[in-house]
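J.: I'd like to ask you about the structure that follows.
Each reported figure results from applying straightforward, stated rules to the coordinates on display, with no laboratory input. Since the model is a prediction, treat every value here as computed from it, not as a measurement. With ideal geometry, Cβ positions are generated from the backbone for all residues, glycine too; neighbour counts draw on all protein chains shown.
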Amino acid sequence: MDSIAMTRQMLDGDKMIVNMGPSHPTTHGTLRIVLELQGETITKATPEMGYLHRGVEKLGENLSYQQFIPLTDRLNYCSAIMNNVGYACAVEKLLGIQVPKRAQQIRVLVSELARIADHLVCVGVNAVDIGAFTAFLYLFRQREIVYDLFEMAAGQRLHTSFTRIGGLFRDIPEGFVPLTERFLVECGESIDELEKLLTRNPIWHDRTKGIGAISAEDAVNWGYTGPCLRAAGVPQDLRKAQPYLGYETYDFDIPIGTTGDVFDRYLVRVEEMRQSLRIIRQVLDRLEPGPVMVDDPKVALPPKEKVYTRMESLIHHFKLIMHGMDMPVGEVYSATEAANGELGFYLVSDGGKNPYRIRVRPPCLPIFSSFEDQVKGGLIADAVAVLGAMNIIAGELDR
Amino acid sequence: MIIEHIDTQLPAAILDRHSFRGDQTIVVAKENLLTLVDLLHHEGFQLLVDITAVDWPEREGQRFDVVYHWLNLASQERLRMKVPVADGEAVPSLAGLFKTANWFEREVFDMFGIRFDGHPDLRRLLTWDDFQGHALRKDFPLDGGDVFCMEGCTAPYNNGERN
């Protein structure tokens, strides 16, 4: 970037250049937007990204399929478990295996918990950015509970690495289900409180209605997916449209908006949280005991006591660690509905231990690419509202 | 379904095809890309999900595959389209038809050094302008090489001087 800020300043004396970021409280991550202002109106917005680029895809080519899982935690770190699930589903599609029923149900359970946590952060932080601080505090109480549950299940609050290829790292512990039941009640109450604070709040309406409005055609053309696309009126949700992990057996609705503005995105996210609570309720009702890993020694590591006592298990363990899984040659694209939209993994396998190419399709990159279009001609204060409603997660954006 | 339709509308446009685990893949020449994309768009493949590339340095002639993923929102059909391209060759840009192609193509350019003809603003997206090389090429070192001590590059800040 040949110094946008300086040249523009020299060319247009009466315009003001404002650097938003790379370290600004409302960017929630490190990304920079160079705003060109005429008074308070934005005439140009140049997003610059890559501050959090770690070369995840390059690293993936040099790690085995199993070893890549911790890197997926760091994509969308607000809902790490959903990335784990999405990646595991992609590798399982490449292998052509099905995970056991209980593993599928637990994956759905933790995914929906993660979706709630992600939406809570997005809505809460969007409100803080616009000045409604109270809602944020009410919501973060629930987010802490979700992270407590993740800690119980995976041993980690944020970087969960909960899934393994072919199932889960371990079963959910005793006490997880009753705590989740309590969470269902309390979270429902918190969402009610949130709605009391915001949904009919005239200041919230003034700040969000009509801001960042987008038509359905434009949203599709920009590559929107997830809540932002649904807020524009397109009922596209992969959980319904291309069901995975048995989502077709759950009863839930897809909320859609009409105008695609910040207010509609807020409403869609709030309703999605309620629908996620419904799905969790159904998972808890049908959860049955059973294995959480596939019974395939070519994929799943054998239990430790067998490795110490049985020759065959020792060989399987050695083969899996040293040579990896037997991967077919081919390529797959697998997409799951993450909190921000379609999270896709494109895997190219040459039959080796490591993937030949691993591509992460982040949902927020196409959404963020429309940022200039969304804020141009608006006020600088609205740029903050639009950025918050897009829910840009820099870890996923830059990879 | 869409593949049969392409076969009738544009015979011989598809150079190769395969289906693996339910994913349909077609390989097309870059000369046919724009006509084919027009046809796809007309047939309801309006969501360009992703553009990326794969590097095959050992392959004779055409080193890269530019990979497009499409989704038909009405029928939920997916299609993968691969365009083989040699090192130094350019692929026609889709940024005029699909706004989402703009940044995806910039990323492919940044990571693989594949140019896109007709792209309005083909700059690096994830790495900085002075960055040497293209990180996702197979011959790029995993540790990134010696990127912080590059000789002879001029920084835009500090009056072009580095110290």
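J.: Can you give me the Kirkwood hydrodynamic radius for the stretch A:267-399, using every pair of distinct Cα atoms, in Å to one decimal? Working shown, then result.
T.: Working: mean 1/r = 0.0515 Å⁻¹.
When all Cα pairs of the stretch A:267-399 are included, the Kirkwood radius is 19.4 Å.
J.: Also, I was wondering about something else. Using only Cα atoms, find the angle between the long axis of helix A:262-286 and the longest principal axis of chain A, and express it within 0 to 90 degrees, rounded to the nearest 10.
T.: Here the helix axis deviates by roughly 20 degrees.
J.: Cα convex hull of the stretch B:18-104: how many Å³ per residue?
T.: Working: hull volume 8.8 nm³, N = 87.
Dividing the Cα hull volume of the stretch B:18-104 by its residue count gives 102 Å³.
J.: Check which residues have an amide H placed less than 5 Å from residue B:91's amide H, if you skip close sequence neighbours.
T.: Hits under the 5 Å cutoff: B:115, B:116, B:117.
J.: Calculate the FRET efficiency for residue B:129 and residue B:38 from the Cβ-Cβ distance with a Förster distance of 25 Å, rounded to the nearest 0.05. Could you put the intermediate results ahead of the total?
T.: On the way: r = 33 Å, r/R0 = 1.34.
Calculated value: 0.15.
J.: Something else now. Remind me, relative contact order of chain A in percent, using alpha carbon pairs under 8 angstrom and six or more residues apart? Don't skip to the answer; put the middle values down first.
T.: Numbers: 739 pairs, mean separation 100.8, N = 399.
Relative contact order of chain A: 25 percent.
J.: With 29 Å as the limit, write out which pairs from A:306/B:138; A:58/A:306; B:82/B:138; A:58/B:30 have Cα-Cα distances beyond it, or answer none. If you can, show how the numbers build up before the last one.
T.: Working: A:306/B:138 40 Å; A:58/A:306 36 Å; B:82/B:138 19 Å; A:58/B:30 26 Å.
Over 29 Å apart, Cα to Cα: A:306/B:138; A:58/A:306.
J.: Right, here's the next one. Over the stretch A:311-368, what relative contact order in percent results from Cα pairs under 8 Å that are six or more residues apart?
T.: Numbers: 80 pairs, mean separation 16.0, N = 58.
Relative contact order of the stretch A:311-368: 28 percent.
J.: Out of every Cα-Cα pair in the protein assembly as shown, what percent are more than 30 Å apart?
T.: Details: 82029 of 157641 pairs.
Tail fraction, whole percent: 52.
J.: At what distance in nm do the modelled label points of residue A:288 and residue B:12 sit from each other, each positioned 7 Å from its Cα along Cα→Cβ?
T.: 5.8
J.: Then there's this: Other chains' Cβ within 10 Å of A:320-329 residues: what's the mean? Display every interim value, and only then the final one.
T.: Details: counts 0, 0, 0, 0, 0, 0, 0, 0, 2, 1.
Shielding by partners across A:320-329 averages 0.
J.: What ranking do B:34, A:194 get, fewest neighbouring Cβ atoms within 10 angstrom at the top? Write out the running numbers ahead of the final one.
T.: Numbers: B:34 16, A:194 24.
Starting with the residue having the fewest Cβ neighbours, the order is B:34, A:194.
J.: Give the residue from A:87, B:81, A:379 lying farthest towards the positive end of the charge dipole for the protein assembly as shown; charges sit on Cβ (+1 for Lys and Arg, -1 for Asp and Glu) and the dipole is referred to the Cα centre.
T.: A:87
J.: In what order do A:369, A:111, B:19 fall by count of nearby beta-carbon atoms within 10 Å, going from fewest to most?
T.: Numbers: A:369 22, A:111 28, B:19 10.
Starting with the residue having the fewest Cβ neighbours, the order is B:19, A:369, A:111.
J.: Residue A:350 to residue A:144: extension gain in nm, 0.36 nm per residue of separation minus the Cα-Cα distance? Kindly include the intermediate steps, with their values, before the conclusion.
T.: Values: separation 206, 0.36 × 206 = 74.16 nm, distance 4.22 nm.
My answer for the length gained is 69.9 nm.
J.: On to the next question. For peptide A:219-227, compute the average count of partner chain beta-carbon atoms within 10 Å of each residue's beta-carbon. Don't skip to the answer; put the middle values down first.
T.: Working: counts 1, 8, 9, 7, 13, 2, 3, 0, 0.
If you average over the peptide's residues, the count of other-chain Cβ atoms is 5.
J.: Which order do A:370, A:313 fall in if you start with the one that has the fewest other Cβ atoms within 10 Å? Please report the intermediate quantities before stating the final value.
T.: Values: A:370 25, A:313 18.
Least to most surrounded, the residues fall as A:313, A:370.
J.: Which percent of Cα pairs goes in each bin when the distances of the stretch B:2-160 are cut into 5 angstrom slices starting at zero?
T.: 2, 8, 16, 20, 18, 14, 9, 5, 4, 3, 1, 0
J.: Hey, got the average number of other protein chain Cβ atoms within 10 angstrom for residues in B:45-57? The partial results should precede the final answer.
T.: Details: counts 0, 3, 12, 5, 9, 12, 3, 9, 2, 6, 3, 4, 0.
Average neighbour count from other chains, rounded to a whole number: 5.
J.: At a Förster radius of 30 Å, what calculated FRET efficiency corresponds to the Cβ-Cβ distance of residue B:5 and residue B:62, to the nearest 0.05?
T.: On the way: r = 26 Å, r/R0 = 0.87.
According to the calculation, E is roughly 0.70.
J.: Tell me which residues come under 5 Å, amide H to amide H, from residue A:393 once H is placed; ignore anything under 5 positions away on its chain.
T.: Long-range HN contacts for residue A:393: none found.
J.: Can you tell me the alpha carbon radius of gyration of the stretch A:161-317 divided by the globular rule-of-thumb value 2.2 N^0.38 Å?
T.: In units of the 2.2 N^0.38 Å rule of thumb, it is 1.44.
J.: Over all directions, the average projected area of the alpha-carbon convex hull for the stretch A:266-313 comes to how many nm²?
T.: Details: hull surface 22.8 nm².
So the Cα hull casts an average projection of 5.7 nm².
J.: Hey, which lysines would be in cross-link range of residue A:304, C-alpha to C-alpha under 25 Å, not counting anything within fewer than 8 residues on its own chain?
T.: List returned: A:101, A:319, A:353.
J.: With charges only on Cβ, +1 for K and R and -1 for D and E, what is the dipole size of the protein assembly as shown about its Cα centre, in debye, rounded to 20?
T.: Working: 58 positive and 78 negative charges, 225 e Å.
Charge dipole, the protein assembly as shown, about its Cα centre: 1080 debye, nearest 20.
J.: Pop out the ³J(HN,Hα) list for the stretch A:309-316 in order, Karplus 6.51 cos²θ - 1.76 cosθ + 1.60 with θ = phi - 60°, rounded to Hz; leave Gly and Pro as x.
T.: The phi angles translate into 10, 10, 4, 4, 5, 4, 5, 4 Hz.
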